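So the structure is just underneath, and the comments pick up after that.
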Amino acid sequence: MEVFGGCNYTCQMCPQTNPGRGKSFTRKMPLKEFERILDEIVPKHGTPQINLEGSGEPTMAKDLPEYIKAVKKRNLKCFMYCNGARLNGKFMQNVVDAGIDFIRISVIGYNRELYKKWMNVDNFELILNNLRELKAYVKSSSANTQVSTYHLITDNNNVEQEIEFYKHNVINAVQSIGYIWKMHNWSGNHDNINPRQKTNRRSCGRPFAPELTVRAGGAEGRTGSIVPCCQTLGPPNEEKSILGHLDKSSFEEVYFGKAYEDLRKAHNEKDFDKIEYCKNCDFLYEDPEAIVWTNDQNHKLHNMLGTGDDFILTNYNLENSKK
């Protein structure tokens, strides 16, 4: 559930920058609307893990701790993926004190020069300092927050060396759980200069999985749009991928509605070209090296963080969705 659709970064590998996310998607989700949607789903449909990022930057919400408290008040796990630039001082402490379970900070580029190139801001040292401050506060306050770093290979011809640089310069330096991935093309919205290998296509599993991506915005004047996954970011595919809005429709009306069922049918029949926002998505390709390195001993390929060992996206299909 996306708290804030905009971003304070202009990273060159992200559609937030190029071509730029539409204005109707870059708004903040009102806290009351956030809580209403939570209560629409929980506990009627189980006790999901809530991730406060849907491709916007959650720390742009000044009252972010209130969203975390809303999640924890309902006895749910609360995760957050962010760039970490604002995550320091009292704001950081309030986020941790609110009870967040997991924070992942993106560090694209294994040194100051590459970070500035890819994330378009000279914040490499700031982020390392913020990570150290965050981890120190978690320890001193006896919080249960886990801290992770997220990295992308910037040159597919130099994978092994980049892994070592990331490990030495960031992961080991701040003692984080680290994940290093290959870049992706955001459902075909982004021209990935480090493309993944193209193999036979198969369903990514998301249309059938018990997983929901709720945007802060949506169509003009709307909030709480549901899209198939976080990959449909930016024009032209983000608006095309809207399956419904939770501002005026119920969860059931959207999740079991015609648009969602058409998506599932296309994936079940492997008719991916029928879906505009799926046909060029590189998540349809089987690439065992999509994640190239991690020190997370519990990680499994296609397992979404915090969802349990048995949640493997590519295991989901039409038959599983009926159970």
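The values are calculated or read from the model by the stated rules, or taken from the named source; none is laboratory data. Here the structure is a predicted model, which means the values were calculated and not measured. We place every Cβ from the backbone using ideal geometry, glycine too, and count neighbours over all the protein chains shown. Each accessible area value is taken on the protein alone, full model and side chains, heavy atoms only, with ligands, DNA and RNA left out. Shrake-Rupley method; radii C 1.70, N 1.55, O 1.52, S 1.80 Å.
Enter the accessible area of LEU263 (Å², nearest 10), with the probe set to 1.4 Å and all protein chains included.
Looks like 0 Å² after rounding.
Give the cysteines in the chain for which no other Cys Cβ lies under 4.7 Å away, or write none if there are none.
By the Cβ distance rule, which asks for a partner under 4.7 Å, the isolated cysteines are CYS7, CYS78, CYS82, CYS204, CYS229, CYS230, CYS278, CYS281.
Evaluate the relative contact order of the chain (contact order divided by residue number), counting alpha-carbon pairs under 8 angstrom at least 6 apart; express in whole percent.
In percent, rounded to a whole number, it is 19.
From the cross-link list LYS32/LYS248; LYS32/LYS69; LYS23/LYS116; LYS28/LYS69, which pairs have alpha carbons spaced over 19 Å apart?
In this structure, LYS23/LYS116 lie more than 19 Å apart at Cα.
If I stretch the segment between THR10 and ASN120 completely, what's the gain in nm (0.36 nm per residue apart, minus their alpha carbon distance), one decimal?
My answer for the length gained is 39.0 nm.
Share of Cα-Cα pairs in the chain beyond 33 Å, in percent?
Result for the distance tail: 21 percent.
Can you tell me, using C-alpha contacts under 8 Å and at least 6 residues apart, the relative contact order of segment 80-213 as a whole percent?
22 percent
Largest first, please: the extent of the C-alpha atoms of segment 24-71 along each principal axis, to the nearest Å.
Computed over segment 24-71, the largest-to-smallest principal extents equal 30, 23, 18 Å.
Charges at C-beta only: +1 for Lys and Arg, -1 for Asp and Glu. How large is the resulting dipole of the chain about its Cα centre, in Debye rounded to 20?
Result for the chain is approximately 540 debye, rounded to the nearest 20.
Determine the equivalent ellipsoid of segment 206-323 by diagonalising the alpha-carbon gyration tensor, then write out the semi-axes as square roots of 5 times the eigenvalues, largest first, rounded to whole Å.
Over the Cα atoms of segment 206-323, the semi-axes work out to 25, 16, 16 Å.
Which percent, nearest 5, of DSSP beta bridges in the chain are antiparallel?
Of those bridges, close to 40 percent are antiparallel.
Work the Kirkwood hydrodynamic radius out for segment 88-234: mean of 1/r over every pair of different alpha-carbon atoms, inverted, in Å.
It is 17.7 Å.
Grab the beta carbon distance between THR47 and GLU269, set R0 = 41 Å, and tell me the FRET efficiency rounded to 0.05.
Efficiency, from the Cβ-Cβ distance: 0.80.
Report the label-to-label distance for ARG132 and ARG202 in nanometres (one decimal), using points 7 Å from each Cα along the Cα→Cβ vector.
With each label placed 7 Å out from Cα toward Cβ, I get 4.5 nm.
Report, largest value first, the span of the C-alpha coordinates of segment 1-98 along each principal axis, in whole Å.
39, 30, 20
Please compute the per residue accessible area over the chain with all protein chains in place, 1.4 Å probe, rounded to a whole number of Å².
On a per-residue basis, 45 Å².
Using Cα pairs under 8 angstrom and six or more residues apart, how large is the relative contact order of segment 125-190, in percent?
38 percent.
Counting Lys and Arg as +1 and Asp and Glu as -1, each charge on the Cβ, what is the dipole of segment 1-158 about the Cα centre in debye, to the nearest 20?
240 debye
Along the charge dipole of the chain, Cβ charges K/R +1 and D/E -1, which of SER148, THR17, PHE4 sits furthest on the positive end?
Checked the options; the winner is PHE4.
Around VAL174, what is the net charge, scoring Lys/Arg as +1 and Asp/Glu as -1 over all other residues with Cβ under 9 Å from its Cβ?
+2
Expressed as a whole number of Å, what is the distance separating the alpha-carbon centroids of segment 211-275 and segment 123-176?
Taking the Cα centre of each part, segment 123-176 and segment 211-275 sit 33 Å apart.
If one computes the Cα centroid of segment 16-31 and of segment 49-96, what distance in Å separates the two points?
Here the answer is 18 Å between Cα centres.
Between LYS72 and ILE312, what's the calculated FRET efficiency when r is the beta-carbon distance and R0 is 30 Å? Round to 0.05.
0.65
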